[in-house]
Structures are given as C-alpha cells and as structure tokens.
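The values are calculated or read from the model by the stated rules, or taken from the named source; none is laboratory data. Bear in mind that the values here come from a model prediction, so they are computed numbers and not experimental data. When we count neighbours, we look across all protein chains shown, and the Cβ atoms used for this are built from the backbone with ideal geometry, even at glycine.
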Amino acid sequence: MIACYLDLHAHSTDASDDAGGTVEGYLKWIAARRRRGYRIDGFVLTEHRHYDPAVRYDELAGRYDVTVLHGAELETDVGHVLVYGITPGLVRGIDFADVALSHRELLTAVRDEGGVAVPAHAGRPRIGLWDHAQAGRVGFELVGAIEALNGGSSDEENGRARELAEARQLASVGGSDAHFVSAIGRCLTAFERPVTTVAGLVAELVAGRCRALTAEEARAEAGAAD
C-alpha cells in the first residue's frame, strides 16, 4: 500500500536563477492535475546552491492540501547532489555556493548531520554520476539512494541511472527537476508511509522505503488502489 507520492526535485523563481515556476504556480498546477486523476501529494524545493530556513510555504501549501518541503541541489566533483535534512551545522560547514565540492566531504558531512544526500539525474554526462562511476571516482559507500528517474533527463539517461541503482542495490527516487510550472510532478517517489516533514522524508530514504515512478504510473497505481 502506497501512502504518498512526492516529487523530490523542484526549483522555483524564489532562489533558482534558471527557474520560471513559482511555488504557487506549482500548487495550482498540482490542483489541476488532481482533478484529472493524478496523485501528487507534495514536492521538495531543491534550489540550486541555496538554502534559507526562514522561507516557509506552510500556509500557502495548506490552502491546496499539498506538502512543500525544503532541501537543496549542490554541485560536486562527481555531479549534482540533492540534499535533504539540512542543519545549521551543515550550512556552517559546507559552502553551498561552491560548484566543485568534494562529494566525499559533502556526503560525509550530510550523513554526520543526520541528513541524506542523493545524486541527482545520475545518468546524465558530467553533471550526473554515470561517467564518474565508470571512471571509478565515486565513493559509493556514502551513497544511500540515487535519483533514478528525472523529468528533465532522456530515456537513455534515466536508464543508466536505474542501472546504477540496481547494480549497487541502492534505493531509487524520482523527481521532475521542474524549472517551469507544467513540469512539476512529472516524475515522483512513492513512499510506503506518509511523509509530511523533512525528518520523515529523511527517515524513509534512509530506510529505503521508496521507489521512483512516473506521474502516469502513479496515477494508474493510485487508481487501482481506490
């Protein structure tokens, strides 16, 4: 039984300079998709190289009955990484603006702070994990999950990401990588338990109780359960 479907990778005009979608725009789009039978319970804002704990959308999200959580997308020597469970200690210890962070240092710091780091769009060249993994440059002992399904990646790239996750027996997550409104919820992560907080998200990712799927797959799955 699936308890919820979340999009774990989204960007907004608030902090990602290449994004055109607003948080309220995403919420309105999700409401419209729900009316057409799609199941999207929430999303995580993972702004590029940025995290502001003072920015909250609880009231706005509550109007649409959508969960909105916060993380960040950081850049490392083996590609981009989605970080969930960001603490003041992590913000002090890691330069989020650095575009060439050591993935070993970042992933170790995130783990030590009780968070989770997930390589993003893992099948893409250069900014994904695939090429670096083939060259033996990745510390997989620090990786707990992989974004195996990304809404902005090609089928071939997503195939490589899934291959990585399966070969390493790692949990897989899905995210739209939305930069504009109509992309939100294109790819999702299914969770066996309700996830409404960052702490809950981290706990489920650490436990591996998640899997990646498309919006269409989630719609069919949720419809069958009803």
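Look through Ala122, Ala190, Ala161, Ala203 and report the one residue that is more than 14 Å from Leu6 (Cβ to Cβ), aliphatic (A, V, I, L, M) and either in contact (Cβ under 8 Å) with a residue 60 or more places away in the chain or not in a loop (DSSP other than H, G, I, E, B) (or both).
Of Ala122, Ala190, Ala161, Ala203, the one residue that is more than 14 Å from Leu6 (Cβ to Cβ), aliphatic (A, V, I, L, M) and either in contact (Cβ under 8 Å) with a residue 60 or more places away in the chain or not in a loop (DSSP other than H, G, I, E, B) (or both) is Ala161.
Would you be able to say whether some residue in segment 131-147 is under 19 Å from His48 (Cβ atoms) and either at pLDDT below 95 or in contact with a strand residue (DSSP E or B) (Cβ under 7 Å, 6 or more places away or on another chain) (or both)?
yes
Is it true that Ala72 is within 18 Å of the chain's Cα centre (by Cα) and either buried (at least 20 other Cβ atoms within 10 Å of the Cβ) or assigned to a loop (DSSP other than H, G, I, E, B) (or both)?
Yes; evaluated as a whole, the condition is true for this residue.
How many of the residues making up segment 99-131 are over 18 Å from the mean Cα position of the chain (by Cα) and within 12 Å of Ala161 (Cα to Cα)?
2
Give segment 11-55 a look and list any residue that's of a type in the set (Val, Ile, Thr) and more than 12 Å from Gly185 (Cα to Cα), or say none.
Selection gives Thr13, Thr22, Val23, Thr46, Val55.
Which one of these is in contact with an Asp or Glu (Cβ under 9 Å, 6 or more places away or on another chain) and part of a loop (DSSP other than H, G, I, E, B): Ala54, Ala31, Ala15?
Ala15
Among the residues of segment 51-72, how many are among the polar types (S, T, N, Q) and over 20 Å from Tyr5 (Cα atoms)?
0
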